[in-house]
């Protein structure tokens with residue numbers, strides 16, 4: 001019975017410890033190691049515990065838990081242990097600040113260099129775009145000029161077609177007039193042939209009549225013999 005109570009108390013203690021540890025991890029804060037040669041990080045709260053890591057001035061650690069003069073920290077992603085709390089500070093030491101400023105300065109230099117390259121590329125692109133724009137404007141003017149020439153030639157062609165249509169109409173009228181004249185000429189030729197035919201017949205008839213009268217006159221004259 002006593003063993004069951006002990007086991008139950010141990011379970012409750014482990015549960016409470018786990019809860020405290022989880023809360024401490026959730027509330028982890030960033031701390032910096034104060035100026036010192038090296039500070040050992042141990043597995044427990046005391047100098048008799050095993051050293052798992054040595055941290056130096058300016059190292060950045062995560063504060064997981066505080067207990068009197070000791071602090072449980074995490075170094076990197078996996079290493080955890082205890083170290084004296086007096087060697088921790090919420091403010092970065094001057095050395096660390098200089099390192100941070102130098103890192104920021106290098107980042108700014110790189111960013112400035114990237115911006116300079118982008119600016120150069122944009123200037124080149126603007127220059128190329130300006131050249132392409134000038135070429136497009138030249139092509140546009142050339143096309144416009146050719147269009148104007150074509151438009152003028154088209155106007156001439158339209159005028160020529162209109163003149164040809166008028167000329168063809170006049171030719172048709174002349175053809176019609178020529179056909180009428182040919183018809184009249186044919187009619188006149190037929191009339192002239194008929195007139196000449198009648199005139200020739202009249203002449204023959206007149207000659208025949210004259211011949212008849214002449215023959216009779218000769219028969220009526222007395223013979224002088």
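Every number in this text was worked out from the coordinates using simple rules, so none of it is lab data. From a predicted model like this one, the values you see are computed outputs, not experimental measurements. Neighbour counts are summed over all protein chains in view; Cβ atoms, including those assigned to glycine, are modelled from backbone coordinates with ideal geometry.
From most to least packed by mean Cβ count within 10 Å, the peptides 110-117, 71-78 give 71-78, 110-117. In whole Å, what is the distance between the alpha-carbon centres of region 36-71 and region 112-182? One Cα centre to the other: 87 Å.
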